[in-house]
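Note sheet for the following structure.
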Amino acid sequence: MCGIFGLIVRKPITNNKYKKYTLECINKLQHRGPDGTGYYENKNICLGHKRLAIIDPKKGSQPIISNDGNLVLCVNGEIFNYKDLRKEYSTYNYNTNSDCESINALYNYYNNTNNSNKILNHTQIVSLLEQLDGQFSFILYDKINNMVLIARDPFGITQLYYGLDSNGNIHFSSELKALTKCVNVSVFPSGNYMYLNTNDTKLNSISYFSDTKNGSWLKPSKEQIEENYFSKEQYFYSPQPLLDSDEQQILMAKIKETFENAVIKRLMSDVPFGILLSGGLDSSLVASVAVKYIRSHPEKYGENPIIHTFSIGDKDSTDLPYAKKVADFLNTTHHEISFTVEDGMNAIENVIYHLETYDITTIRASTPHYLLAQKIQSMGIKMVLSGEGSDELLGGYLYFHKAPSDEEHQIECKKRVMDLGYFDCLRADKSTMAHSVEARYPFLDTEFIKLCINIHKDVKTQKSIEKYILRAAFAAFAAFGKSRAKTLEGLKPLSSDEVSSESVSESVDESVDECENLMPSRELEGLQPSQPSLPDEILWRQKEQFSDSITYRWIDTLKADTEKQVIDKSLVAYNHRELIYPYNTPQTHEAFYYRQIFEKLFPNREKTVKCWYPNTRWKGITSSDPSGRAQSCHINTTISTATATAPATDPATNS
């Protein structure tokens, strides 16, 4: 991925001041693209680009300009299906082998097909964006028609902001830090586009993802529309049935196949890459699928390819032993990066500068992520696969055990997925790109999201084990062949009141035994059981949040140290925090400490941030502390619920 900057000027450009300004702004994004700087200017528009070369390093510089000079494109991202698009739109005269140039080809097609006025309509733009299988934000300038198309991927994997200066000029940037002259700044919504005339700019973002096939789960049903339900809610409940054992087998086969495809398509790269491996379920599944595919394709990767995996933690990290076990199981070249609490504390201000947030859980998790990316970059790795998105999609956070109904569970999953651009996607993108490393996320494949988002909560989570259906899909004997043996018979979900750390441990042991006994009928299958994807202790490991698992001392020290600093230096301000920070008022000393740093670095940008809390409206969730250890079903519950109180507003929105 890269860094992009765009400036649409109200009056025609007549001197070099806008070029100078654009280059100053894009240079603030140097960390996002150290491999080259691009600049374009015409009439009312300036475009700047900082390139991190992943595909076609020699020829894929940006902005990418069409042969006739009409289309000018700046992209931050990757288009995974670009080879298929180049075949389908082969009449377009390509100038590079860049994956991003397929965007120009698509725009050119719709611009010249059944379109007398040359201006694209909503249906055409939706069709164009629907065909982009990737993670992206881009600015495309149509010179002849004076139109600019700006778009962001469905889940906000790539970051994009926009704002207005005092002269009414419009600025777009991959990061806040390049928008210092703007009077106000907003987050460009994920799954949206703008289509602007440079001579008559009216800022209006339009949703496109919900109109695509893989985004249809965001649409209300016909009955909900008739009941005017859509005017009351942002997300809509789509009831799904409980599944019998045969139906679950079919679903598991689809989950396994769709996820494997999602991993494989994200392996495209012309530069060295690796895999982030925490030792948790999600990153371990990504590693397992990637390693299996790479080793089975020597024609692409060589006979004995070196596959790099990376983990980080302190000596007492709960992650490191599990990550080592996975690496040994998969026979990867594993790099264990040392993390100390002191290292983390010293990096906090740099992390907030790069992350551009004051959200507690994002900063807690981003700090080790930031330090890990620094080490990865120093080893010459420019791209990594990562496991973000699974917990939001499948209700993997431990507080989801307290969901009072399937409707509440499903709506919460949808909110979490569509807010990823404020949280895990922001963290993963900015903490890695701070050191010029691109991350890719198979769980955020639009087809995989659509497959899993509406699954009934008692299918997603079974026997008090979060993400049960995903684990079972990759169990040693649970997923092979088109026809499957009956499994999971008699499973009854525990009620939220029955969920405890003891019940979780017992359920894991039972589930491992059940999956080991899933032997198919040999007469029907004619196949031998597949090799296990992962060791059982990894496949059935309880969810552990990254900021907890690097060392429990990390969060404990953060809370104690920031409390001391605030009390010693800013107690009066803290006691008047509602007056000082009326928007997203900090609820704890830790939150107040981060907010002070953010306001110093990014004054008047507080509304670009959301804050992450578990859903304290649900019975049994008494703490808004985002740590998984604050939940009673965590095997090592140690976070005091007295240290964080629930915000007064809905925690699932913007506190």
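When the criteria are applied in full, G279 fails the requirement of being more than 27 Å from S405 (Cβ to Cβ) and open to solvent by 10 Å² or more (accessible area, probe 1.4 Å). Summed over the range 440-462, residues that are surrounded by fewer than 24 Cβ atoms within 10 Å (Cβ to Cβ) and part of a strand (DSSP E or B) total 1.
Here's the yes/no breakdown for (1) farther than 25 Å from I8 by Cα; (2) over 24 Å from the mean Cα position of the chain (by Cα); (3) among the aromatic types (F, W, Y):
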| residue | (1), (2), (3) |
| --- | --- |
| S98 | yes, no, no |
| L106 | no, yes, no |
| I119 | no, yes, no |
| L128 | no, no, no |
| G134 | yes, no, no |
| F138 | no, no, yes |
| A151 | no, no, no |
| Y161 | no, no, yes |
| A178 | no, no, no |
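Restricting the range 293-312 to residues that are among the polar types (S, T, N, Q) and touching a helix residue (DSSP H, G or I) at 6+ places or on another chain (Cβ under 8 Å), the residue that is surrounded by the fewest Cβ atoms within 10 Å (Cβ to Cβ) is T309. Which of the residues that make up the range 43-74 are open to solvent by 30 Å² or more (accessible area, probe 1.4 Å) and either among the hydrophobic types (A, V, I, L, M, F, W, C) or in contact (Cβ under 8 Å) with a residue 24 or more places away in the chain (or both)? Those that are open to solvent by 30 Å² or more (accessible area, probe 1.4 Å) and either among the hydrophobic types (A, V, I, L, M, F, W, C) or in contact (Cβ under 8 Å) with a residue 24 or more places away in the chain (or both): K43, P57, K59, S61, I65, N67. Within the range 596-621, the set of residues being under 23 Å from the mean Cα position of the chain (by Cα) and in a helix (DSSP H, G or I) comprises F598, E606, K607, T608.
Those residues that are within 17 Å of M383 (Cβ to Cβ) and assigned to a helix (DSSP H, G or I), I need them from the range 57-105; list them, please. Within the range 57-105, Y82 is the sole residue that qualifies. Taking the stated definitions as given, is D165 open to solvent by 10 Å² or more (accessible area, probe 1.4 Å), in contact with a His (Cβ under 9 Å, 6 or more places away or on another chain) and without any contact (Cβ under 8 Å) to a residue 40 or more places away in the chain? So D165 passes the test. Scanning the range 343-366 for residues that are of a type outside the set (S, T, Y) and in a loop (DSSP other than H, G, I, E, B), which turns out surrounded by the most Cβ atoms within 10 Å (Cβ to Cβ)? Among residues in the range 343-366 that are of a type outside the set (S, T, Y) and in a loop (DSSP other than H, G, I, E, B), the one surrounded by the most Cβ atoms within 10 Å (Cβ to Cβ) is D359. So is T158 of a type in the set (S, T, N, Q) and modelled with pLDDT under 95 or not? Considered against the rule, which asks whether it is of a type in the set (S, T, N, Q) and modelled with pLDDT under 95, T158 comes out as no. Filtered by the rule that a residue be open to solvent by less than 60 Å² (accessible area, probe 1.4 Å), closer than 12 Å to S288 by Cα and not in a loop (DSSP other than H, G, I, E, B), the range 324-342 gives V326, A327, L330.
Entry remark, the range 546-595: residues being outside any loop (DSSP other than H, G, I, E, B), among the β-branched types (V, I, T) and under 26 Å from the mean Cα position of the chain (by Cα) number 1 in total. Going by the conditions given, is G77 within 23 Å of P442 (Cα to Cα) and crowded, with 20+ Cβ neighbours inside 10 Å? In short, yes.
The values are calculated or read from the model by the stated rules, or taken from the named source; none is laboratory data. Remember, it's a predicted structure, so these values are computed and weren't measured experimentally. Quick reminder, even Gly has a Cβ in these numbers, built from the backbone with ideal geometry, and neighbours come from all protein chains shown. For accessibility, only protein heavy atoms count, side chains too; no ligands or nucleic acids. Shrake-Rupley method; radii C 1.70, N 1.55, O 1.52, S 1.80 Å.
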